[in-house]
1. Output the qualifying pairs, or none if there are none: Cβ atoms under 7 angstrom, residues six or more apart or on different chains, first residue in segment 312-326 and at pLDDT 95 or above, second residue in a loop (DSSP other than H, G, I, E, B).
2. Can you tell me which residue is surrounded by the most Cβ atoms within 10 Å (Cβ to Cβ) among those in segment 331-381 that are at positive phi and touching a residue at least 24 places away in the same chain (Cβ under 8 Å)?
3. Inside segment 115-128, can you point out the residues that are surrounded by fewer than 16 Cβ atoms within 10 Å (Cβ to Cβ) and not in a helix (DSSP H, G or I)?
4. I'm trying to understand the selection: among the residues of segment 282-302, which are without any contact (Cβ under 8 Å) to a residue 60 or more places away in the chain and either outside the structural domain of residue 268 (by TED's automatic domain parsing) or over 32 Å from the mean Cα position of the chain (by Cα) (or both)?
5. Scan segment 366-375 residue by residue and report those that are modelled with pLDDT of 95 or more and out of contact with any helix residue (DSSP H, G or I) (no Cβ under 7 Å at 6 or more places or on another chain).
6. Only one residue in 99, 108, 163, 131 is under 29 Å from residue 44 (Cβ atoms) and either in contact (Cβ under 8 Å) with a residue 60 or more places away in the chain or outside any strand (DSSP E or B) (or both). Which one?
7. For the structure I just gave you, tell me whether residue 245 is touching a strand residue (DSSP E or B) at 6+ places or on another chain (Cβ under 6 Å) and under 30 Å from residue 353 (Cα atoms).
8. For segment 281-299: of the residues being modelled with pLDDT of 90 or more and surrounded by fewer than 16 Cβ atoms within 10 Å (Cβ to Cβ), which is nearest to residue 407 (Cα to Cα)?
């Protein structure tokens, strides 16, 4: 039936159709559509569905679902704020993006690589680039009807087999296919009436992270009591909004305050804080005070350059990782190896073990977070190669801290030297 309503032109120029497509995308700054990306690459099939609504240049909502691996995420841009929520892991992250620029640039800044069909509709310059690449290919066949335009291309080279099919309803894309002898890629576009872009509602139980991560599989538990203790500790860390603690490792004592993306740490070498993108470091021995804006990921490098380090638990909290779950690995077993009671306080020691490693977590009744973490590295004969122990004293939990808590040094001293840029690559 389709052949009856299409007028075939043996050789044709796709420029008129592609130019109309580019012009329509540039003119249509408010859109709502579904894009389905299917691929079969050397026998491996994947499918990604994008539910997209946007108003250039400042508003976007995009829901992404994939079958391999299972993915269900929603992303929003509201002017210069990017928010992403992973429904499967109940994780949320927020990032600042450029206030100016296109939606495509903002999404690429926060999201990284973005599928090309998404970029075609949110960023008109990408549609123009795509049209230019297609127009450069020789030998297109163009089919027209009153509503449908089909552009077909087949490679004339004898050593390869490549085919491209572009289908448009009017000036809007409907389907685009790209095939070689062992690969196939298909983009389907379904346009909807423009809708009001709704705000993203984040559950109160969502875990704030700096990057999405797959939650670790739990160990094999020896009994229900061990399982309950470990799960209580995981839940306590998941629900933690802030914490202040002292940790002792050998002769060294470190005091830490953490609250979401803010932190303060005092030890024998450095006093430092990170708050609202600003890092301040006081070097105790030299008396120098450094202050400057930097990305959170660069903080450990600056501390190392000045002879210090970040507390391992604090580093995990700042990254959004659960300090208990990071101890899990395939083959890990968990068992209670000691339990005692004195003056109404119950102490329980849970051992996580796998080949060449033992980790002992000590818990005190009424406190789900571990009060001690001991690590033993073993050789092939199960002999101890090295060991360490960290003891925690929790001073406050889930207490709100003001910005003044994260101020290091006397703010009345005026300007301070910025952190030397030669220590690190420039922050983006």
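The values are calculated or read from the model by the stated rules, or taken from the named source; none is laboratory data. These numbers come from a predicted model, not from an experiment. Quick reminder, even Gly has a Cβ in these numbers, built from the backbone with ideal geometry, and neighbours come from all protein chains shown.
1. Filtered contacts from segment 312-326: 313/323.
2. First pass over segment 331-381, keeping only residues at positive phi: 331, 343-344, 356, 366.
Among the residues that remain, those that are also touching a residue at least 24 places away in the same chain (Cβ under 8 Å) are: 331, 356.
On the way: 331: 10, 356: 12.
Filtering first and then ranking leaves 356.
3. Going through segment 115-128, the residues surrounded by fewer than 16 Cβ atoms within 10 Å (Cβ to Cβ) turn out to be 115-116, 125.
Answer for segment 115-128, where residues must be surrounded by fewer than 16 Cβ atoms within 10 Å (Cβ to Cβ) and not in a helix (DSSP H, G or I): just 115.
4. 283, 284, 285, 286, 287
5. Narrowing segment 366-375 to residues modelled with pLDDT of 95 or more: 367-375.
Passing the criteria: 367, 371, 372, 373, 374, 375.
6. Details: 99 fails: under 29 Å from residue 44 (Cβ atoms); 163 fails: either in contact (Cβ under 8 Å) with a residue 60 or more places away in the chain or outside any strand (DSSP E or B) (or both); 131 fails: under 29 Å from residue 44 (Cβ atoms).
Being under 29 Å from residue 44 (Cβ atoms) and either in contact (Cβ under 8 Å) with a residue 60 or more places away in the chain or outside any strand (DSSP E or B) (or both) holds for just one of 99, 108, 163, 131, which is 108.
7. Working: touching a strand residue (DSSP E or B) at 6+ places or on another chain (Cβ under 6 Å): yes; under 30 Å from residue 353 (Cα atoms): yes.
In short, yes.
8. The selected residue is 284.
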